[in-house]
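Some notes on the structure that comes next.
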Amino acid sequence: MAVKPWQTIWQEYRSPLRRHEAWHGILFAGPWIIGFLAFVAGPFLASFILSFTSYKVGMDSRWIGLQNYHEMFFKDPLFWKSLYNTGYYVFFAVPLGVLGSLLLALLMNQKVRGIPIFRTMVYVPSIVSGVAVAYLWMWLLDPNIGLVNYVLRSLHLPAPLWVQSETWAKPALILVSLYGIGGGTMVIFLAGLQNIPESLYEAAELDGAGRWRKFLNITLPMLSPIILFNFVVGIIGSFQVFTQAYVMTRGGPANATMFFVLYLYNVAFWYGRMGYGSALAWILFLIILAFTIVQLKLSNRWVYYEE
(Lines give C-alpha, C1' and ligand atoms only; values in the text may rest on other atoms or scores of the structure.)
Protein backbone atom coordinates (compact mmCIF):
# COMPACT_ATOMS: atom_id res chain seq x y z
CA MET A 1 0.00 0.00 0.00
CA ALA A 2 1.38 3.38 -1.03
CA VAL A 3 2.25 5.84 1.73
CA LYS A 4 0.74 9.31 1.43
CA PRO A 5 3.28 12.14 1.14
CA TRP A 6 3.35 14.75 3.89
CA GLN A 7 2.03 17.37 1.48
CA THR A 8 -1.14 15.34 0.87
CA ILE A 9 -1.68 14.76 4.59
CA TRP A 10 -1.23 18.48 5.31
CA GLN A 11 -3.68 19.44 2.56
CA GLU A 12 -6.28 17.02 3.95
CA TYR A 13 -5.77 18.41 7.46
CA ARG A 14 -6.28 21.97 6.25
CA SER A 15 -9.87 21.19 5.25
CA PRO A 16 -12.47 22.28 7.87
CA LEU A 17 -13.93 18.77 8.15
CA ARG A 18 -10.54 17.17 8.84
CA ARG A 19 -9.66 19.79 11.45
CA HIS A 20 -13.06 19.29 13.08
CA GLU A 21 -12.47 15.51 13.28
CA ALA A 22 -8.93 16.00 14.59
CA TRP A 23 -10.04 18.31 17.39
CA HIS A 24 -12.83 15.93 18.35
CA GLY A 25 -10.27 13.11 18.55
CA ILE A 26 -7.98 15.21 20.75
CA LEU A 27 -10.96 16.16 22.95
CA PHE A 28 -11.97 12.55 23.54
CA ALA A 29 -8.35 11.51 24.14
CA GLY A 30 -7.83 14.48 26.47
CA PRO A 31 -8.47 12.67 29.78
CA TRP A 32 -5.96 9.97 28.87
CA ILE A 33 -3.40 12.55 27.67
CA ILE A 34 -3.75 14.54 30.90
CA GLY A 35 -3.45 11.37 32.99
CA PHE A 36 -0.39 10.25 31.03
CA LEU A 37 1.35 13.60 31.43
CA ALA A 38 0.46 13.92 35.13
CA PHE A 39 1.04 10.36 36.32
CA VAL A 40 3.50 8.79 33.84
CA ALA A 41 5.54 11.25 31.79
CA GLY A 42 5.78 13.85 34.58
CA PRO A 43 7.06 11.50 37.31
CA PHE A 44 9.28 9.78 34.72
CA LEU A 45 11.03 13.07 33.90
CA ALA A 46 11.06 14.20 37.55
CA SER A 47 12.75 10.98 38.71
CA PHE A 48 15.43 11.41 36.05
CA ILE A 49 16.21 14.93 37.31
CA LEU A 50 16.06 13.87 40.98
CA SER A 51 18.58 11.08 40.32
CA PHE A 52 21.24 13.79 39.90
CA THR A 53 20.37 15.55 43.16
CA SER A 54 20.79 14.91 46.89
CA TYR A 55 17.05 15.36 47.46
CA LYS A 56 15.92 13.97 50.79
CA VAL A 57 12.41 14.37 52.19
CA GLY A 58 12.20 17.44 54.44
CA MET A 59 15.67 18.70 53.55
CA ASP A 60 17.17 21.05 50.98
CA SER A 61 18.16 19.58 47.64
CA ARG A 62 21.29 20.32 45.63
CA TRP A 63 22.69 19.19 42.29
CA ILE A 64 25.36 16.51 42.79
CA GLY A 65 25.73 15.14 39.26
CA LEU A 66 26.70 11.47 39.11
CA GLN A 67 27.46 11.05 42.82
CA ASN A 68 24.38 8.89 43.42
CA TYR A 69 25.48 6.51 40.68
CA HIS A 70 29.07 6.51 41.93
CA GLU A 71 27.87 5.65 45.44
CA MET A 72 25.63 2.94 44.05
CA PHE A 73 28.34 1.12 42.10
CA PHE A 74 31.36 1.66 44.35
CA LYS A 75 30.18 2.32 47.93
CA ASP A 76 26.90 0.45 48.39
CA PRO A 77 27.31 -3.32 48.90
CA LEU A 78 23.57 -3.69 49.44
CA PHE A 79 23.00 -2.52 45.86
CA TRP A 80 24.98 -5.48 44.53
CA LYS A 81 23.37 -7.82 47.04
CA SER A 82 19.87 -6.79 45.98
CA LEU A 83 20.82 -7.06 42.32
CA TYR A 84 22.17 -10.59 42.87
CA ASN A 85 19.05 -11.62 44.80
CA THR A 86 16.81 -10.31 42.04
CA GLY A 87 18.87 -11.97 39.31
CA TYR A 88 18.72 -15.27 41.20
CA TYR A 89 14.95 -14.97 41.50
CA VAL A 90 14.50 -14.08 37.82
CA PHE A 91 16.79 -16.90 36.65
CA PHE A 92 14.71 -19.58 38.37
CA ALA A 93 11.21 -18.12 38.77
CA VAL A 94 10.63 -17.04 35.16
CA PRO A 95 11.54 -20.33 33.38
CA LEU A 96 9.70 -22.39 36.01
CA GLY A 97 6.67 -20.12 35.79
CA VAL A 98 6.53 -20.19 31.99
CA LEU A 99 7.05 -23.98 31.87
CA GLY A 100 4.42 -24.56 34.56
CA SER A 101 1.91 -22.31 32.77
CA LEU A 102 2.55 -24.13 29.48
CA LEU A 103 2.00 -27.55 31.08
CA LEU A 104 -1.22 -26.34 32.71
CA ALA A 105 -2.39 -24.89 29.39
CA LEU A 106 -1.77 -28.26 27.72
CA LEU A 107 -3.86 -29.95 30.40
CA MET A 108 -6.63 -27.35 30.14
CA ASN A 109 -6.70 -27.76 26.35
CA GLN A 110 -7.96 -31.34 26.54
CA LYS A 111 -11.39 -32.08 25.14
CA VAL A 112 -13.05 -33.61 28.18
CA ARG A 113 -16.42 -33.04 29.78
CA GLY A 114 -16.52 -30.15 32.23
CA ILE A 115 -13.23 -28.58 31.08
CA PRO A 116 -14.56 -24.98 31.54
CA ILE A 117 -15.09 -25.76 35.24
CA PHE A 118 -11.54 -27.04 35.59
CA ARG A 119 -10.17 -23.97 33.79
CA THR A 120 -12.05 -21.71 36.18
CA MET A 121 -10.79 -23.64 39.21
CA VAL A 122 -7.20 -23.35 37.98
CA TYR A 123 -7.50 -19.65 37.14
CA VAL A 124 -9.31 -18.36 40.25
CA PRO A 125 -6.33 -18.63 42.67
CA SER A 126 -4.34 -16.22 40.49
CA ILE A 127 -6.78 -13.34 41.14
CA VAL A 128 -6.41 -13.55 44.92
CA SER A 129 -4.64 -10.55 46.48
CA GLY A 130 -0.86 -10.91 46.60
CA VAL A 131 -0.83 -9.95 50.28
CA ALA A 132 -3.39 -12.65 51.11
CA VAL A 133 -1.36 -15.21 49.17
CA ALA A 134 1.80 -14.18 51.02
CA TYR A 135 0.13 -14.63 54.41
CA LEU A 136 -1.25 -18.00 53.33
CA TRP A 137 2.23 -19.16 52.34
CA MET A 138 3.69 -17.85 55.59
CA TRP A 139 1.44 -20.35 57.37
CA LEU A 140 2.13 -23.16 54.89
CA LEU A 141 5.91 -22.68 55.22
CA ASP A 142 5.96 -22.20 58.97
CA PRO A 143 8.78 -24.48 60.21
CA ASN A 144 6.77 -25.66 63.24
CA ILE A 145 3.09 -25.80 62.30
CA GLY A 146 3.20 -25.39 58.53
CA LEU A 147 1.54 -27.95 56.27
CA VAL A 148 4.58 -28.24 53.97
CA ASN A 149 6.95 -29.30 56.76
CA TYR A 150 4.27 -31.58 58.22
CA VAL A 151 4.15 -33.48 54.91
CA LEU A 152 7.95 -33.57 54.67
CA ARG A 153 8.27 -34.96 58.20
CA SER A 154 5.61 -37.56 57.40
CA LEU A 155 7.76 -38.70 54.48
CA HIS A 156 10.88 -38.69 56.72
CA LEU A 157 12.44 -35.90 54.69
CA PRO A 158 14.36 -32.85 55.99
CA ALA A 159 12.09 -29.96 57.02
CA PRO A 160 13.85 -26.63 56.23
CA LEU A 161 13.27 -23.37 58.05
CA TRP A 162 12.19 -21.85 54.70
CA VAL A 163 11.86 -18.04 54.97
CA GLN A 164 13.70 -18.06 58.29
CA SER A 165 16.78 -19.60 56.68
CA GLU A 166 19.29 -17.62 54.65
CA THR A 167 19.81 -20.67 52.41
CA TRP A 168 16.14 -21.49 51.82
CA ALA A 169 14.56 -18.01 51.80
CA LYS A 170 14.97 -17.31 48.07
CA PRO A 171 13.89 -20.83 46.99
CA ALA A 172 10.85 -20.41 49.24
CA LEU A 173 9.83 -17.19 47.47
CA ILE A 174 10.39 -18.84 44.09
CA LEU A 175 8.05 -21.61 45.25
CA VAL A 176 5.48 -18.98 46.24
CA SER A 177 5.73 -17.38 42.79
CA LEU A 178 4.61 -20.66 41.19
CA TYR A 179 1.26 -20.23 42.92
CA GLY A 180 0.14 -18.00 40.05
CA ILE A 181 1.08 -20.22 37.08
CA GLY A 182 -2.61 -20.83 36.37
CA GLY A 183 -3.23 -17.12 35.75
CA GLY A 184 -2.82 -14.84 32.78
CA THR A 185 0.23 -16.62 31.37
CA MET A 186 -1.68 -19.92 31.20
CA VAL A 187 -4.65 -18.20 29.55
CA ILE A 188 -2.39 -16.72 26.85
CA PHE A 189 -0.83 -20.14 26.22
CA LEU A 190 -4.30 -21.70 26.07
CA ALA A 191 -5.41 -19.15 23.47
CA GLY A 192 -2.30 -19.93 21.44
CA LEU A 193 -2.91 -23.67 21.62
CA GLN A 194 -6.48 -23.25 20.42
CA ASN A 195 -5.24 -21.14 17.50
CA ILE A 196 -3.04 -23.93 16.10
CA PRO A 197 -4.76 -25.48 13.03
CA GLU A 198 -5.87 -29.06 13.59
CA SER A 199 -4.85 -29.84 10.02
CA LEU A 200 -1.19 -29.67 11.06
CA TYR A 201 -1.67 -32.40 13.67
CA GLU A 202 -3.70 -34.51 11.23
CA ALA A 203 -0.97 -34.28 8.60
CA ALA A 204 1.65 -35.23 11.20
CA GLU A 205 -0.40 -38.27 12.25
CA LEU A 206 -0.56 -39.41 8.62
CA ASP A 207 3.24 -39.24 8.56
CA GLY A 208 3.41 -41.42 11.67
CA ALA A 209 4.33 -38.76 14.21
CA GLY A 210 3.58 -39.47 17.86
CA ARG A 211 2.55 -37.04 20.58
CA TRP A 212 6.11 -36.07 21.45
CA ARG A 213 7.10 -35.40 17.82
CA LYS A 214 3.95 -33.36 17.27
CA PHE A 215 4.71 -31.32 20.37
CA LEU A 216 8.30 -30.61 19.30
CA ASN A 217 7.65 -29.99 15.61
CA ILE A 218 4.23 -28.31 15.67
CA THR A 219 3.16 -27.09 19.10
CA LEU A 220 6.40 -25.44 20.20
CA PRO A 221 7.16 -23.66 16.89
CA MET A 222 3.59 -22.38 16.65
CA LEU A 223 3.72 -21.21 20.27
CA SER A 224 7.18 -19.62 20.00
CA PRO A 225 5.86 -16.01 19.63
CA ILE A 226 3.71 -16.53 22.74
CA ILE A 227 6.64 -18.08 24.61
CA LEU A 228 8.72 -15.01 23.73
CA PHE A 229 5.95 -12.67 24.93
CA ASN A 230 5.53 -14.52 28.21
CA PHE A 231 9.27 -14.55 28.83
CA VAL A 232 9.54 -10.80 28.19
CA VAL A 233 6.57 -10.00 30.44
CA GLY A 234 7.74 -12.51 33.06
CA ILE A 235 11.23 -11.04 33.28
CA ILE A 236 9.86 -7.49 33.53
CA GLY A 237 7.52 -8.55 36.33
CA SER A 238 10.10 -10.64 38.19
CA PHE A 239 12.65 -7.84 38.22
CA GLN A 240 10.01 -5.82 40.06
CA VAL A 241 9.16 -8.50 42.65
CA PHE A 242 8.17 -6.81 45.89
CA THR A 243 5.02 -8.06 47.65
CA GLN A 244 6.20 -11.51 48.72
CA ALA A 245 9.51 -10.28 50.09
CA TYR A 246 7.96 -7.27 51.83
CA VAL A 247 5.17 -9.23 53.54
CA MET A 248 6.95 -12.51 54.25
CA THR A 249 10.56 -11.59 55.02
CA ARG A 250 11.09 -7.78 54.91
CA GLY A 251 14.31 -8.58 53.05
CA GLY A 252 15.74 -11.00 55.58
CA PRO A 253 17.24 -13.09 56.93
CA ALA A 254 20.62 -11.38 56.49
CA ASN A 255 19.31 -9.56 53.39
CA ALA A 256 18.86 -12.90 51.62
CA THR A 257 15.58 -11.70 50.09
CA MET A 258 16.42 -8.01 49.77
CA PHE A 259 15.23 -7.70 46.18
CA PHE A 260 16.00 -4.62 44.12
CA VAL A 261 12.57 -2.99 44.31
CA LEU A 262 12.31 -3.70 48.03
CA TYR A 263 15.69 -2.03 48.54
CA LEU A 264 14.57 0.89 46.38
CA TYR A 265 11.42 1.20 48.52
CA ASN A 266 13.44 1.20 51.73
CA VAL A 267 15.86 3.81 50.43
CA ALA A 268 13.18 6.15 49.08
CA PHE A 269 10.33 5.79 51.57
CA TRP A 270 11.94 4.56 54.79
CA TYR A 271 15.13 6.61 54.65
CA GLY A 272 13.62 9.42 52.57
CA ARG A 273 16.52 9.50 50.05
CA MET A 274 14.41 10.25 47.00
CA GLY A 275 17.42 11.30 44.92
CA TYR A 276 19.26 8.04 45.50
CA GLY A 277 16.03 6.07 45.11
CA SER A 278 15.41 7.73 41.73
CA ALA A 279 18.91 6.71 40.62
CA LEU A 280 18.15 3.12 41.64
CA ALA A 281 14.90 3.25 39.68
CA TRP A 282 16.69 4.37 36.54
CA ILE A 283 19.27 1.61 36.84
CA LEU A 284 16.41 -0.89 37.14
CA PHE A 285 14.78 0.65 34.06
CA LEU A 286 18.01 0.29 32.05
CA ILE A 287 18.50 -3.32 33.19
CA ILE A 288 14.97 -4.29 32.17
CA LEU A 289 15.35 -2.43 28.88
CA ALA A 290 18.62 -4.25 28.13
CA PHE A 291 17.11 -7.67 28.88
CA THR A 292 14.10 -6.90 26.68
CA ILE A 293 16.25 -5.73 23.75
CA VAL A 294 18.49 -8.81 24.01
CA GLN A 295 15.47 -11.13 24.03
CA LEU A 296 13.95 -9.44 20.99
CA LYS A 297 17.28 -9.59 19.12
CA LEU A 298 17.77 -13.28 19.92
CA SER A 299 14.16 -14.09 19.01
CA ASN A 300 15.07 -14.04 15.30
CA ARG A 301 16.92 -17.32 15.86
CA TRP A 302 14.12 -19.35 17.41
CA VAL A 303 10.74 -17.60 17.08
CA TYR A 304 8.61 -18.82 14.17
CA TYR A 305 6.10 -16.48 12.53
CA GLU A 306 3.64 -18.19 10.21
CA GLU A 307 3.62 -15.42 7.64
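Brief remarks on what is shown
- Ordered by 1.4 Å accessible area with all protein chains kept, Y305, Y150 run largest first as Y150, Y305.
- For the chain, the per residue solvent-accessible surface stands at 63 Å², with DNA, RNA and ligands left out and a 1.4 Å probe.
- Applying 0.36 nm per residue to the separation of K56 and A159 and subtracting their alpha-carbon distance, the gain on full extension is 32.6 nm.
- Taking only Cα atoms of the range 170-307, radius of gyration then Dmax in Å: 20.3, 67
- P(r) of the range 59-175 over all Cα-Cα pairs, binned every 10 Å from zero, in whole percent: 11, 24, 29, 20, 10, 5, 1
- Largest accessible area first, the listed residues L27, L136, L141 line up as L27, L136, L141 when surface is computed with a 1.4 Å probe on the assembled protein chains.
- In summary, the helical segments of the chain meeting the span-like criteria, namely a full DSSP H run, a Cα extent along the axis of 18 angstrom or more and a mean Kyte-Doolittle hydropathy of at least 0.5, are 77-108, 220-239, 274-298.
- Long-range amide H partners of T53 with built H, under 5 Å: I64
- Kirkwood hydrodynamic radius of the chain, from inverse mean 1/r over distinct Cα pairs, in Å: 23.5
- Using a Förster distance of 25 Å, the FRET efficiency for F44-W23 (Cβ separation, nearest 0.05): 0.35
- In terms of overall dimensions, the C-alpha atoms belonging to the range 126-229 reach 56, 33, 20 Å along their principal axes, ordered largest to smallest.
- Pairs of Lys in the chain closer than 28 Å at Cα, counting only those 8 or more apart or on different chains: 6
- With both labels modelled 7 Å from their Cα along Cα-to-Cβ, the L99 to F215 distance reads 1.2 nm.
- Charge context of K56, other residues only, Cβ under 15 angstrom, K/R +1, D/E -1: 0
The values are calculated or read from the model by the stated rules, or taken from the named source; none is laboratory data. None of the values given here were measured: they were computed from a predicted structure. Don't worry about glycine lacking a Cβ; one is built from the backbone with ideal geometry, like all the others, and counts go over all protein chains shown. Note: accessible area is taken over every heavy atom of the protein model, side chains too, but ligands, DNA and RNA are not part of it. Shrake-Rupley method; radii C 1.70, N 1.55, O 1.52, S 1.80 Å.
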